[in-house]
Amino acid sequence: MPPGSSRAVTPLDDDDYPAYTMGRAADMLGTTPAFLRALGEHRLITPLRSEGGHRRYSRYQLRIAARARELVDQGTPIEAACRIIVLEDQLEEAQRINEQMRAQGPEPQSKTSA
């Protein structure tokens, strides 16, 4: 248990822990298992498999699937929705890196002799 924490950290505290079955994930998203399979076919999310071979989804994957469902519900084809989400993720990462670089300040310029 971390210092100052009153409870133990469990796998369910981990956003990447595959805690949800396909049926439960579909229920939570208000969609069908076929929709979740389609997201896997388009390589947007890759669920882990249980020992019995059943798909298991994490909270992080469910957030991605919910964003895909939102786009599809607005009329975006699933292929395009998956690509949009990948591009949104890449943009967010680039913005995070830019912010980190700005926080570090400018790098000292090296002196070169001519």
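What's the ranking of 71-78, 43-50 by average number of surrounding C-beta atoms within 10 Å, highest first?
Final packing ranking: 43-50, 71-78.
Highest mean first, what order results for 26-39, 83-96, 57-70 on Cβ atoms within 10 Å?
57-70, 26-39, 83-96
Every number in this text was worked out from the coordinates using simple rules, so none of it is lab data. Quantities reported herein were computed from a predicted structural model and do not represent experimental measurements. No Cβ is skipped: glycine too gets one built from the backbone with ideal geometry, and neighbour counts run over all protein chains shown.
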